[in-house]
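Notes follow once the structure below has been shown.
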Amino acid sequence: MGIPLDKAALVGLFLQTLFYGVFLTLYWLTLFVLLKKTGIQRQLLIPVGTLLLFIATAHLILEFVRALEAFVFQVNTLGADAYYSNLASPLALASLALYITQTILADGVVVWRCYMIHNRRLLVAILGCIVLLIYGTSGYYVVWSFSRTHPLGNTYISITIFYTLTMLISVSCTTLIAWRIYRTHRFIPKGLATFLPVFIVVVESGALYATSVLALLVATLTGSNAQYIMLTVIPPIVGITFCLIVLQVHFHVGGSPSEHSAKPRGILLRERGVRDTDFSNQPITVHITEETEIVQSDMMRGKNSQLDSEGVFQV
């Protein structure tokens, strides 16, 4: 038996409050970290994180007001189940619009990260912007359709398109970022120490968000009222994902930034018949092979795009 609509609303509000508390705590930690940074980290990431917090706060306030309306003020006249079934109410439309805005903003940051890490390739930016435009249009179309007296028949098709493209853009951008990190560090033996933490951050952050959207999509397709739980939970999860990426990359997921930046490291090039090279004062003959050229080429591209363990979110 499925969960009743009124109980789903209460469970969603409880979980949203819980996750919002986590998001708020992580936001202040992230703000403390970013205030020590310079350049793009302060100019872009602080406003984006603050806007995500404002939207999540507004969404939580709306859900509290809706709960008061359903269970206190209109409990004897309309009933909680009938109240939440009315998707055309102004508060319900505002809540849905905030959710869509939060999702578009977060996915826009993901596309921007992917674009910067891939050396500002226009193809990545164009494809990402096209997908954002399509699912953003479908999302706001759903809000407009629900505002009508009789929602249009293709409204639920637009909802499915919105959820599917949201998950698609998260998974595809995360995969592209992870692949770029792998290609940059695969020929650097000592780079493994910084490659694994950053790779884990990228994969875990994308998996957290994509799993939430997948649960929402499955609940919608099966007609379960659990979709209303996920609709209220995802806005703070978006902010949590954003903050975790910044914090985990800053602290190197168990490593200290100062440990990596305090002392220079040599790059070991192990080849057949070639001695290991490091920063010694003795003259050493190094035979250049095709693999060495690939290493140097990837290093130069990584340097130009500032792709290191700290710069994965700094981009």
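When the residues of the stretch 116-128 are filtered to those that are in contact (Cβ under 8 Å) with a residue 24 or more places away in the chain and on the phi < 0 side of the Ramachandran plot, the one that is surrounded by the most Cβ atoms within 10 Å (Cβ to Cβ) is I117.
Answer yes or no: is there a residue in the stretch 24-42 that is polar (S, T, N, Q), at pLDDT 90 or above, under 30 Å from I134 (Cβ atoms) and not in a loop (DSSP other than H, G, I, E, B). No, the conditions are met nowhere in the stretch 24-42. When the helices (runs of 4 or more DSSP H) confined to the stretch 68-163 are screened for residues that are over 19 Å from the mean Cα position of the chain (by Cα) and closer than 22 Å to A210 by Cβ, those reaching at least 2 such residues are found at 122-146.
The residues of the stretch 10-38 that are closer than 16 Å to S212 by Cα and not hydrophobic (A, V, I, L, M, F, W, C), listed by number, are G12, Q16, Y20. Against the numbered list (1) in contact with a Pro (Cβ under 9 Å, 6 or more places away or on another chain); (2) exposed (fewer than 13 other Cβ atoms within 10 Å of the Cβ), F32 comes up short only at (1). Hey, any hits in the stretch 170-186 for a residue that's buried (at least 18 other Cβ atoms within 10 Å of the Cβ), part of a helix (DSSP H, G or I), in contact with a Cys (Cβ under 7 Å, 6 or more places away or on another chain) and modelled with pLDDT under 80? Yes: one or more hits.
Condition check ((1) farther than 26 Å from L132 by Cβ; (2) polar (S, T, N, Q); (3) modelled with pLDDT of 85 or more; (4) over 13 Å from the mean Cα position of the chain (by Cα)) across all residues:
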residue: L168; (1), (2), (3), (4): no, no, yes, no
residue: G191; (1), (2), (3), (4): yes, no, no, yes
residue: M230; (1), (2), (3), (4): no, no, yes, yes
residue: I237; (1), (2), (3), (4): no, no, yes, no
residue: T241; (1), (2), (3), (4): no, yes, yes, no
residue: V253; (1), (2), (3), (4): yes, no, no, yes
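For the stretch 63-82, which residues satisfy the criterion of being closer than 24 Å to L18 by Cα and either among the aromatic types (F, W, Y) or crowded, with 16+ Cβ neighbours inside 10 Å (or both)? Listed by number, the residues that qualify are E63, F64, R66, A67, E69, A70, F71, A80. Tallying residues that are more than 21 Å from the chain's Cα centre (by Cα) and over 20 Å from Q248 (Cβ atoms) within the stretch 13-37 yields 2.
Within the option set L45, L60, being part of a helix (DSSP H, G or I), in contact with a Lys or Arg (Cβ under 9 Å, 6 or more places away or on another chain) and surrounded by 17 or more Cβ atoms within 10 Å (Cβ to Cβ) holds for one residue only, L45.
The values are calculated or read from the model by the stated rules, or taken from the named source; none is laboratory data. What you are looking at is a predicted structure, and each value in this text was computed from that prediction instead of being measured. Ideal geometry is used to build each Cβ from the backbone, glycine not excepted, and the neighbour counts take in all protein chains shown.
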